[in-house]
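Shown next, in structure tokens, is the structure this report addresses.
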Amino acid sequence: MKNKNTNYSVQHALYLKKIKRNKIIVHAARALILVALIGLWELCAQVGIFDPFITSSPSRVVTTIADLFAAGTLFYHIGITLMETIVGFVIAVVLGYAIAVLLWLNEHARAIFEPYIVVLNALPKIALGPLIIIWMGTGYTAIIFMTILVSIIVCIMNMLAGFVAVDKTKQILMRSMGANKFTMLTKLIIPASLPAFMNTLKVAVGLAWIGSIMGEYIVSRAGLGYLIVYGGQVFRLDLVMAATFILCLLAGGMYAIVAIVERVVVKRRG
């Protein structure tokens with residue numbers, strides 16, 4: 001028995017080592033692919049395969065970012081877009097979760113409003129741009145509202161699906177023990193739907209960035225979306241690519257934070 005346990009421990013250690021090695025390989029491959037793509041882009045721009053005026057190049061992007069930093073406007077534009085995105089993200093998640101809870105508590109309301117939620121999700125939000133300007137003006141409020149509008153429906157649908165997917169047997173067991181809807185919600189539904197909540201956060205991160213940039217396309221005087229629109233209008237494509245690159249970094253960083261939170265929550269839950 002002792003030898004069996006020892007052999008199992010060795011095999012388990014080898015398995016963990018293999019998993020760790022595979023993770024290192026994956027991360028290294030990702031980094032190499034990124035470096036290769038950036039290097040190929042720069043090479044093609046330098047030798048004339050691509051026209052740097054049209055496609056820009058990594059070196060020109062870095063120069064543009066340095067110019068924005070020297071002018072003192074880099075972090076101003078980043079801060080504006082980041083504020084709009086985070087505020088819209090938080091409001092959309094909180095409201096979406098609350099509405100999903102209310103719809104789960106009231107099956108009649110869910111049956112009535114579910115078709116409207118589906119239609120609103122399919123509606124191109126950009127079509128509401130002129131109305132949002134009229135309703136909200138041309139300030140940050142309109143952009144945050146657009147961010148909420150893009151994100152909230154998916155938050156509602158994902159969380160409601162997570163609530164409904166909770167094990168029916170457990171729900172029946174709790175009902176048979178005299179639990180009411182509120183008790184089932186707090187003791188079973190919410191804890192069991194935690195994975196759905198974390199997935200909702202991941203989806204909402206991307207949608208929040210889409211909403212904030214979409215809002216800045218429609219109406220803004222600052223922010224990364226404004227830089228992209230302005231750069232396109234005056235044919236400063238280096239500015240467009242620089243703002244897009246910064247946007248990718250910020251979106252990736254925000255997603256990484258959500259992924260870290262998910263890992264911590266799952267670890268504590270386990």
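Annotations
- Yes/no for PHE197 being in a loop (DSSP other than H, G, I, E, B) and among the aromatic types (Phe, Trp, Tyr): no
- Residue in the range 259-270 that is assigned by TED's automatic domain parsing to the domain that holds ILE80, in contact with a helix residue (DSSP H, G or I) (Cβ under 6 Å, 6 or more places away or on another chain) and among the aliphatic types (A, V, I, L, M) present: no
- Residues that are at pLDDT 85 or above and not aliphatic (A, V, I, L, M) number at least 2 in the following helices (runs of 4 or more DSSP H) confined to the range 102-190: 107-122, 140-164.
- Close Cβ contacts (under 6 Å, 6 or more residues apart or on different chains) running from residues in the range 205-222 that are outside the structural domain of ILE153 (by TED's automatic domain parsing) to residues that are modelled with pLDDT under 90 and of a type in the set (Lys, Arg) are absent.
- The residues in the range 77-120 that are of a type in the set (Gly, Ala, Ser) and surrounded by 15 or more Cβ atoms within 10 Å (Cβ to Cβ) can be counted, and the count is 4.
- Among the residues examined, ARG263 qualifies as exposed (fewer than 13 other Cβ atoms within 10 Å of the Cβ) and without any contact (Cβ under 8 Å) to a residue 40 or more places away in the chain.
- Qualifying residue in the range 68-87 (condition: closer than 30 Å to PRO191 by Cβ and not hydroxyl-bearing (Ser, Thr, Tyr)): yes
- If you check ILE133, ILE126, ILE148 for being assigned by TED's automatic domain parsing to the domain that holds TYR217, within 21 Å of THR200 (Cβ to Cβ) and in contact (Cβ under 8 Å) with a residue 40 or more places away in the chain, only one passes: ILE148.
- The range 97-137: number of residues that are of a type in the set (D, E, K, R) and under 16 Å from LYS181 (Cβ atoms): 2
- Of residues in the range 238-259 being over 12 Å from the mean Cα position of the chain (by Cα) and small (Gly, Ala, Ser), the one farthest from GLY79 (Cα to Cα): ALA242
- Members of the range 221-239 found to be of a type outside the set (A, V, I, L, M, F, W, C) and not in a helix (DSSP H, G or I), listed by number: ARG221, GLY223, ARG236
The values are calculated or read from the model by the stated rules, or taken from the named source; none is laboratory data. Computed from a predicted model, the values in this text were never measured in an experiment. Cβ atoms come from the backbone with ideal geometry, glycine included; neighbour counts cover every protein chain shown.
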